[in-house]
Amino acid sequence: REEQRQYVDNISVESRRMRELVEDMLTLSRAESGRAVSFVPVDLSDLVTDAALRFEPVAFEAGHPLQYDIQNDVSLSGDRQQLDQLLDILLDNAVKYAAAGAPIRLTLNASGKTAVLAVENPGEPIPADKLPHLFERFYRVDDARSGTDGFGLGLSIAQQIVQRHRGTIAAASDRGVTRFTVTLPLRH
């Protein structure tokens, strides 16, 4: 009986993982199809603040204080749901890979005609030769660093979302800090 329950639990976990994989693949497929997305005015400051408040207990539970500095009144044209997903991916990534007890930092500010969003976490540095590959599908830096449940699709989806919003996303890892920086055009 205990053995049966263990099998059912394992099947349930794997079923959930497969559903997540299929959902991620569908998200990528839709993004690549170039289907028109109706952009609406989005208060990015509010969206980022909501994401920070949503992730604060998650980060705390994982032993990471979440620090954030969000400039008010940063607005753009975009797809609110996709931008929310972008924030979830970047914050989830930071929580997964931050060094034990290390804070996660989230910032948003306007610079010229662009919004600059950054998520950073202290932790194991990513070798420079691997940084350009982070946004490739199914790419994992190494097995030791990726002992998580993911499939290596999150950053690829993040890149698709940023590109659809005519922005850029970049990764840097130096002096024990990994930083993802997103720039998006502001609404005129």
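The values are calculated or read from the model by the stated rules, or taken from the named source; none is laboratory data. Since the structure is predicted, the reported quantities are computational estimates derived from the model, not experimental observations. Glycine also receives a Cβ, built like all others from the backbone with ideal geometry; neighbour counts cover every protein chain displayed. Heavy atoms of the whole protein, side chains included, go into the accessibility calculation; ligands, DNA and RNA do not. Shrake-Rupley method; radii C 1.70, N 1.55, O 1.52, S 1.80 Å.
Can you work out which of the residues in region 146-177 that are surrounded by fewer than 15 Cβ atoms within 10 Å (Cβ to Cβ) and of a type in the set (Lys, Arg) is modelled with the highest pLDDT? The residue in question is 166. So is residue 60 crowded, with 22+ Cβ neighbours inside 10 Å and more than 22 Å from residue 168 (Cα to Cα) or not? Answer is no for this residue. Identify the single condition in (1) closer than 19 Å to residue 88 by Cβ; (2) at pLDDT below 90 that residue 180 does not satisfy, given that it satisfies every other one. Among (1) closer than 19 Å to residue 88 by Cβ; (2) at pLDDT below 90, residue 180 violates only (2). Applying the set (1) more than 22 Å from residue 167 (Cα to Cα); (2) open to solvent by less than 40 Å² (accessible area, probe 1.4 Å) to residue 107 leaves exactly one unmet item: (1).
Kindly evaluate residue 46 against the criterion of being acidic (Asp, Glu), free of Cβ contacts under 8 Å to residues at least 40 places away in the same chain and surrounded by fewer than 16 Cβ atoms within 10 Å (Cβ to Cβ). Yes, satisfied. Selection over region 110-129 of residues that are at pLDDT 90 or above and surrounded by fewer than 17 Cβ atoms within 10 Å (Cβ to Cβ) gives a count of 3.
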